[in-house]
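The values are calculated or read from the model by the stated rules, or taken from the named source; none is laboratory data. Keep in mind that what you see is a predicted model, and the values were worked out from it rather than measured. So basically every Cβ, Gly included, is an ideal-geometry build from the backbone, and we count neighbours across all protein chains shown. Side chains are part of the model used for accessible areas, which takes the heavy atoms of the whole protein and leaves out ligands, DNA and RNA. Shrake-Rupley method; radii C 1.70, N 1.55, O 1.52, S 1.80 Å.
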Amino acid sequence: MQQCPFCKGENNLVGGPCPRCGRRLTEKLDMRYEGTIRRSQQYNRTLIDKVWRFFSSVRNGMYILLLTLLATAVGTILPQRAYIPIGRLPGEFYAAEYGVFGRWYHYLGLDQLYSSWWYMTLLGLLGASILIASIDRFFPLRRALRMQPVKRREHFLRSQLYVRHSVIDDRERLMKNLRARRYRIRQDGDDYLAEKNRFARWGPYVNHVGLLLVLLGAFLRLFPFFYQDEFIWIRDGETVVVPDTNQSLFIKNEQFIVDTYDTDDPKFKAAIEQEGRMIPKNFTTDITVFEAEDHIAGDTPDLKPLKQMQVAVNHPVHAAGFTIYQSGYQLHEFSSLTLRTENQDGSTADFRVDTENPQAMYELDNGLHAELIDYYPDYRLEEGKVITETKYPRNPAFVFDIEGNDDHKERLFVAIDDVVSETGTNRYSIRAVDYDTHHVSGLSVKRDLTLPIFLLGGVIFMIGLMQGLYWQHRRIWLRRQADGSYLIAGHTNKHASSFEREVERLLDGYKKGGSS
Amino acid sequence: MENLSIISGHLLEAAFISYLVGVILFTWSAAKKRQRYLERFAFGITAAGWLAQLGFFTLRWIYSGHAPVSNLFEFMTFFGMMLILVLLIMYRFYRFPLIAVTALVISILIIGCAAMFPREVAPLVPSLQSHWLYIHVTTAALGEAVLSVSFFVGFLYILHETNQEKQHKTARVIEGFLVLILSVAGYVLLAFLFRMFGYTANVTGAEASIIYQLPPFFVPSDTVSSPFPIQIMVPDWLRGENAAQKFNTMILSLLAGCVLYMLIRIFTRKRIGAALQPLVRKLPKNALDDIGYRSVAVGFPIFTLGALIFAMIWAQQAWDRFWGWDPKEVWALVTWLFYAAYLHIRMQKGWQGIRSAWLAVIGFCIIMFNLLAVNLLIVGLHAYA
């Protein structure tokens, strides 16, 4: 048994054509790397040789690639942890929503697959394979293609895929036709070598460089110098410091605007009805970016306005080395709640609780004191317990101890739509009577120095891809025989059938006397 | 303005009918000996249909004010249009009516399915308001369409090569695959018929009620009342959004597919693969293999550019990150990795012919999975959910 060098199938017929791909077994040369020896085939002694040999194999590279492919696909079976509803605990969420499978999915860490050590390792192995397999082939191939003699041995020519004998009367004319097909011709005595699109051979190496740049960019993102990612919520009119900027960068939200589509617009009426809710048209925040003047830590810094601008979805802005994106919003967050207490004699008193800075104690006109015991900015009941889902006042609830002058104390839970007495007696009561709201704009503030690397990687990859896939390296050797006729051999690195058509047309067109 | 929308709808119908006529004519010319005028006529009808669809696309764009590639209906019709475009261009080089038939059948099914999704002109949410919407979507669709050609010829190659004389595993796989394709046709037929007669069934559940467009054989496990006499509760673990309804549609489509399959088998009295084989045998198999490889070689860079690079540039602008492991993104990456493997295996390991053809079939399944299943089964950020 022997292996067919073309289709890699097992072959019984030594000397005959391969039963699978039909090509002759012993006669054709493997021209893939011009038959040159690669480092991985030369050395296999030390550990480095063995590692090199492993990664230089395209077969192993394909195994790594297919493993990566499978792992990547597995990560989409259930939503990744980043996409589960805010406030749900992953351990509880996966089991509750997806049963036993979900529990295992979470237990095996597949809910964070793309940042898991083994997925990173797979990508690293893929990178190593791309790098080593390319180096292993690039240098021998370059050497072979650089030092191409025009005169080749008869055996070499006869071992090419395209072989033909012909009498050439008017060599000049044939050369002219070849040049018209963009072949470059070298001559050595009476022998010729016509070659074109050699650069296509470098396509794979160029695109692999692009891919390695992309992987490098991904690696550099792990360092804060290259990649900083901050998120701030700013209320209308508020000024907020951007975290991790050494208290030097402040952003003020001048105004946050939400537009929705007109429900009466005849064009979109049907679609909006189908959707069943208002469809947003535009989110925009007018911001001012401030830079802090030199100041001593702890002091309130003097702010110097740097730039005034408008951030909208799809229209990020640049300031102070950062890019600012409109990336979230919260409508009608509660800025304050007005609560009304009632004493047992029926006298009432109102007081306002600021959701941002609630006071610890409120002295009321009707002789009551309200002491704030607990504050849940965004409360929700879960299994009978009160929890807060976020730290933003989207659904605030308070627990007050209300005390009259007679030392009687009652503990009351109050939210916008709910009051619960926790002590049982109810001499006093409390309820929400009014509220103020504001909009909050969520801005993502990023500094990403890896973006140019990714973009460059992408561009280089595309160039390499087109270079390698849209052009073919083609060579035609003409060797003069003793009887004055020519042995013509051709090689192309892919798309053999169209190459054969081209050569046929060249030679036949030449014979008929026409130019191709 | 209102008229534009109506005219554009009619143009799509005209295109659909032209494609149907085109498929019949191409099949006819494939079955007969080479008849130039018939082929030309088929080509002309298909090209006319494509122009009508281009008219649909343009008018809808003018009417809605944005490129009509923003929901599943619009994207799928556009993908169908790209398939036909690639077919028309390719037909200038390779005049094989059977490839045209395969491509047209798939396009017709895709456009037919598209019509079953909501067709209203929808306004764009802020994150979609970008020129990148049509740059990214059109390039990605074109890349996928070119890659699909490798499936058309790959499938024909497999039909060509399979031994239909014996009970053979491959022959059965082919029949299974045909049943799947017929099920899609069954779905389009069923949905079309029931919609024509205005059928709806309101199934009331404990918490919410669902409106079925097909007879509700399978209903959620908490169903209170259903207007249909047969009610089969779906198992408890099927509880995604409208899971019971989707399950119902799937089973009915498969049943319809099986019925269609049986009808064809009774009519032809042999396996469909065997019935098609004499036609396919006329094609030169080396040319099929060659076209398949070329379509991947041409389509892969276009796909990379549209579905990954343009997508990432836009995602960086709209969502402040160029990559976020959203299911649609991930499956574009899976598709890309797969075709990268295809090219390496073919060039380095010399997998040609039948093995390459099977890879092309798997590749097309991945593209279809990303087109439909990711939207219908997996919830993601992309608009076509």
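If B:ILE232 satisfies every condition in (1) in contact with a Phe, Trp or Tyr (Cβ under 7 Å, 6 or more places away or on another chain); (2) in contact (Cβ under 8 Å) with a residue 60 or more places away in the chain but one, which is the exception?
Every condition holds for B:ILE232 apart from (2).
For A:THR390, which of the numbered conditions (1) in a strand (DSSP E or B); (2) within 30 Å of B:PRO126 (Cβ to Cβ) fails to hold?
Looking at each condition in turn, A:THR390 falls short on (1).
Which residues, counting only those in region A:452-494, are surrounded by fewer than 16 Cβ atoms within 10 Å (Cβ to Cβ) and not in a helix (DSSP H, G or I)?
Matches in region A:452-494: A:GLN481, A:ALA482, A:ASP483, A:GLY484, A:SER485.
At pLDDT below 95 and under 23 Å from B:ILE110 (Cβ atoms): is that true of B:VAL334 in this structure? Reasoning before the result, please.
Working: at pLDDT below 95: no; under 23 Å from B:ILE110 (Cβ atoms): yes.
For B:VAL334, the condition - at pLDDT below 95 and under 23 Å from B:ILE110 (Cβ atoms) - is not met.
Please determine, by comparing only the residues of region A:241-253 that are surrounded by 15 or more Cβ atoms within 10 Å (Cβ to Cβ) and of a type outside the set (Ser, Thr, Tyr), which one is nearest to A:ARG394 (Cα to Cα). Lay out the reasoning, then the answer.
Step one: list which residues in region A:241-253 are surrounded by 15 or more Cβ atoms within 10 Å (Cβ to Cβ), which gives A:241-242, A:245, A:247-253.
Still in the list and also of a type outside the set (Ser, Thr, Tyr): A:241-242, A:247, A:249-253.
Values: A:VAL241: 22, A:VAL242: 22, A:GLN247: 28, A:LEU249: 27, A:PHE250: 24, A:ILE251: 22, A:LYS252: 21, A:ASN253: 19 Å.
Ranking the candidates gives A:ASN253 first.
Looking at A:GLU230, A:GLU195, can you tell me which residue is within 28 Å of the chain's Cα centre (by Cα), over 30 Å from A:SER129 (Cβ atoms), surrounded by 15 or more Cβ atoms within 10 Å (Cβ to Cβ) and of a type in the set (D, E, K, R)? Reasoning before the result, please.
Values: A:GLU195 fails: within 28 Å of the chain's Cα centre (by Cα).
So the residue among A:GLU230, A:GLU195 that is within 28 Å of the chain's Cα centre (by Cα), over 30 Å from A:SER129 (Cβ atoms), surrounded by 15 or more Cβ atoms within 10 Å (Cβ to Cβ) and of a type in the set (D, E, K, R) is A:GLU230.
Here is a check on your reading of the model: is A:GLY237 part of a loop (DSSP other than H, G, I, E, B) and open to solvent by less than 60 Å² (accessible area, probe 1.4 Å)? Break it down stepwise before answering.
Details: part of a loop (DSSP other than H, G, I, E, B): yes; open to solvent by less than 60 Å² (accessible area, probe 1.4 Å): yes.
Yes: the conditions hold for A:GLY237.
Taking only region A:469-487 into account, find how many residues are farther than 20 Å from B:THR139 by Cα and in contact with a helix residue (DSSP H, G or I) (Cβ under 7 Å, 6 or more places away or on another chain).
Restricting attention to region A:469-487, the residues satisfying the condition of being farther than 20 Å from B:THR139 by Cα are A:471-487.
With in contact with a helix residue (DSSP H, G or I) (Cβ under 7 Å, 6 or more places away or on another chain) added as a condition, the list becomes A:471-474, A:476-477, A:479, A:487.
The total comes to 8.
If only one of A:TYR379, A:TYR329 is surrounded by 18 or more Cβ atoms within 10 Å (Cβ to Cβ), hydroxyl-bearing (Ser, Thr, Tyr) and away from every other protein chain (no Cβ under 14 Å), which one is it? Quick ask: steps written out before the conclusion?
On the way: A:TYR329 fails: away from every other protein chain (no Cβ under 14 Å).
Going through A:TYR379, A:TYR329 in turn, just one is surrounded by 18 or more Cβ atoms within 10 Å (Cβ to Cβ), hydroxyl-bearing (Ser, Thr, Tyr) and away from every other protein chain (no Cβ under 14 Å): A:TYR379.
Inside region B:130-171, can you point out the residues that are assigned to a loop (DSSP other than H, G, I, E, B) and of a type in the set (Gly, Ala, Ser)?
Of region B:130-171, the ones assigned to a loop (DSSP other than H, G, I, E, B) are B:130-131, B:162-168.
Matches in region B:130-171: B:SER130 only.
Within region B:130-150, take every residue that is away from chain A (no Cβ under 14 Å) and of a type outside the set (A, V, I, L, M, F, W, C) and give me the one that is most open to solvent (accessible area, probe 1.4 Å).
Here the residue is B:THR138.
Tally up the residues in region A:448-507 that are within 17 Å of B:GLY299 (Cα to Cα), of a type in the set (Lys, Arg) and modelled with pLDDT of 90 or more, please.
The total comes to 0.
For region A:307-319: of the residues being more than 14 Å from chain B (Cβ to nearest Cβ) and surrounded by fewer than 17 Cβ atoms within 10 Å (Cβ to Cβ), which is modelled with the lowest pLDDT?
Of the residues in region A:307-319, the ones more than 14 Å from chain B (Cβ to nearest Cβ) are A:307-309, A:319.
Next, only the ones that are surrounded by fewer than 17 Cβ atoms within 10 Å (Cβ to Cβ) stay: A:307-309.
Values: A:LYS307: 86, A:GLN308: 91, A:MET309: 92.
Among those residues, the one meeting the criterion is A:LYS307.
When you scan region B:244-265, do you find a residue that is open to solvent by less than 40 Å² (accessible area, probe 1.4 Å) and at pLDDT below 85, even just one?
Yes, some residue in region B:244-265 is open to solvent by less than 40 Å² (accessible area, probe 1.4 Å) and at pLDDT below 85.
Which one is farthest from A:ARG143 (Cα to Cα), of the residues in region A:39-75 that are outside any helix (DSSP H, G or I) and within 13 Å of chain B (Cβ to nearest Cβ)? Can you show your working first?
Kept after step one, since they are outside any helix (DSSP H, G or I), are these residues of region A:39-75: A:43-46, A:57, A:75.
Of the ones still in play, those that are also within 13 Å of chain B (Cβ to nearest Cβ) are A:57, A:75.
Numbers: A:SER57: 20, A:GLY75: 44 Å.
Looking at residues that are outside any helix (DSSP H, G or I) and within 13 Å of chain B (Cβ to nearest Cβ), I get A:GLY75.
Looking only at region A:432-451, count every residue that is in a strand (DSSP E or B) and surrounded by 17 or more Cβ atoms within 10 Å (Cβ to Cβ) and tell me the total. Don't jump to the end; show me each part of the working.
Initial filter on region A:432-451 (in a strand (DSSP E or B)): A:432-448.
Okay, now just the ones that are also surrounded by 17 or more Cβ atoms within 10 Å (Cβ to Cβ), so A:432, A:435, A:438-448.
So the count comes out to 13.
Counting only residues that are touching a residue at least 40 places away in the same chain (Cβ under 8 Å) and crowded, with 17+ Cβ neighbours inside 10 Å, how many does region A:163-180 have?
Narrowing region A:163-180 to residues touching a residue at least 40 places away in the same chain (Cβ under 8 Å): A:163-168, A:170, A:173-174, A:176-178, A:180.
From what is left, the residues that are crowded, with 17+ Cβ neighbours inside 10 Å are A:168, A:174, A:177-178.
Residues meeting the conditions: 4.
Any idea which of A:ALA370, A:ALA397 is within 15 Å of A:ARG340 (Cβ to Cβ) and open to solvent by less than 60 Å² (accessible area, probe 1.4 Å)?
Numbers: A:ALA397 fails: within 15 Å of A:ARG340 (Cβ to Cβ).
Residue meeting the stated conditions: A:ALA370.
Could you list, ordered by first residue, the pairs with Cβ atoms under 9 Å in which the first is in region B:169-180 and acidic (Asp, Glu) and the second is not in a helix (DSSP H, G or I), at least 6 apart or interchain?
Matching pairs, first to second residue: B:GLU175/B:ARG271.
Mind checking which strands (runs of 3 or more DSSP E) fall wholly inside region A:100-202 and carry at least 2 residues that are charged (D, E, K, R)? Steps first, answer last, please.
Working: elements: A:162-166, A:184-188, A:191-196.
It comes to A:184-188, A:191-196.
Are any residues in region B:76-129 free of Cβ contacts under 8 Å to residues at least 12 places away in the same chain, part of a helix (DSSP H, G or I), within 14 Å of chain A (Cβ to nearest Cβ) and out of contact with any strand residue (DSSP E or B) (no Cβ under 6 Å at 6 or more places or on another chain), and if so, which ones?
Listed by number, the list holds a single entry, B:PHE93.
Before we move on, is A:LEU78 open to solvent by less than 70 Å² (accessible area, probe 1.4 Å) and either outside any helix (DSSP H, G or I) or within 10 Å of chain B (Cβ to nearest Cβ) (or both)?
Values: open to solvent by less than 70 Å² (accessible area, probe 1.4 Å): yes; either outside any helix (DSSP H, G or I) or within 10 Å of chain B (Cβ to nearest Cβ) (or both): yes.
It is true that A:LEU78 is open to solvent by less than 70 Å² (accessible area, probe 1.4 Å) and either outside any helix (DSSP H, G or I) or within 10 Å of chain B (Cβ to nearest Cβ) (or both).
With respect to B:GLU13, determine if the residue is within 22 Å of B:GLU2 (Cα to Cα) and free of Cβ contacts under 8 Å to residues at least 12 places away in the same chain.
yes
Would you please name the residue that is surrounded by the fewest Cβ atoms within 10 Å (Cβ to Cβ), looking only at residues in region A:257-295 that are more than 8 Å from chain B (Cβ to nearest Cβ) and of a type in the set (S, T, N, Q)?
Checking each candidate, the answer is A:THR263.
Does B:VAL361 satisfy being within 23 Å of A:ARG221 (Cα to Cα) and either more than 7 Å from every other protein chain (Cβ to nearest Cβ) or within 24 Å of the chain's Cα centre (by Cα) (or both)?
no
Quick one: is B:ASP289 in contact with a Phe, Trp or Tyr (Cβ under 9 Å, 6 or more places away or on another chain) and of a type in the set (Asp, Glu)?
Numbers: in contact with a Phe, Trp or Tyr (Cβ under 9 Å, 6 or more places away or on another chain): yes; of a type in the set (Asp, Glu): yes.
When the stated conditions are applied, B:ASP289 passes them.
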